[in-house]
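S.K.: Below are the structure tokens for one structure; questions will follow.
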Amino acid sequence: MPRSVNAVASRARRKKVMKQAKGFFGRRKNVWTVAKNAVEKAMQYAYRGRKEKKRNFRSLWITRINAGCREHGMSYSQFMGALKKHNIELNRKVLADLAMNHPEAFKAVVDQVKK
């Protein structure tokens, strides 16, 4: 009886990886052993990047809020403390958007917590 190797599944698996390697440079895009390692590493970077993106955006929002606060004579930490004390529940994403795109609305929030 001939040996059964399930070439259909093996080929499909390799084809899937090679498709993911499309656009890579040099042998990484067309040599199976190199492409497999490159795709594996790319997946690790992608996974890590999805976590980093959250950190980066939070950091960006904090920077924007801080800049907006300092225009009105407050520091970021004072502002956030005052927000909590006055029970104003706006998240950093919204506050950063106000500080950047709607300065008059952001000024109203700052004036509200300065009281």
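The values are calculated or read from the model by the stated rules, or taken from the named source; none is laboratory data. Note that the coordinates shown come from a computational prediction; the quantities given were computed from them, not determined experimentally. Reconstructed Cβ throughout: ideal geometry from the backbone, glycine too, with neighbour counts over all protein chains shown. Remember, those area values only see protein heavy atoms, side chains included, never the ligands or the DNA or RNA. Shrake-Rupley method; radii C 1.70, N 1.55, O 1.52, S 1.80 Å.
S.K.: Mind listing whichever residues of region 36-65 are open to solvent by 70 Å² or more (accessible area, probe 1.4 Å) and of a type in the set (D, E, K, R)?
M.R.: Lys36, Glu40, Lys41, Arg48, Arg50, Lys51, Lys53, Lys54, Arg55, Arg58, Arg64
S.K.: Here is a further query. If I filter region 72-101 down to residues being free of Cβ contacts under 8 Å to residues at least 24 places away in the same chain and open to solvent by 80 Å² or more (accessible area, probe 1.4 Å), which single residue comes out as nearest to Phe57 (Cα to Cα)?
M.R.: Asn91
Here's the yes/no breakdown for (1) farther than 16 Å from Gln112 by Cβ; (2) of a type in the set (Gly, Ala, Ser):
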{"site": "Gln20", "(1), (2)": "yes, no"}
{"site": "Val31", "(1), (2)": "yes, no"}
{"site": "Met43", "(1), (2)": "yes, no"}
{"site": "Ala46", "(1), (2)": "yes, yes"}
{"site": "His72", "(1), (2)": "no, no"}
{"site": "Arg92", "(1), (2)": "yes, no"}
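S.K.: I've got another one for you. For residues that are among the basic types (Lys, Arg) and part of a helix (DSSP H, G or I), scanning just region 102-115, find the one that is surrounded by the fewest Cβ atoms within 10 Å (Cβ to Cβ).
M.R.: Lys114
S.K.: Condition first: over 10 Å from Ala35 (Cα atoms) and in a helix (DSSP H, G or I). Now tell me which residues in region 1-24 satisfy that.
M.R.: Result: Ala7, Val8, Ala9, Ser10, Arg11, Ala12, Arg13, Lys15, Lys16.
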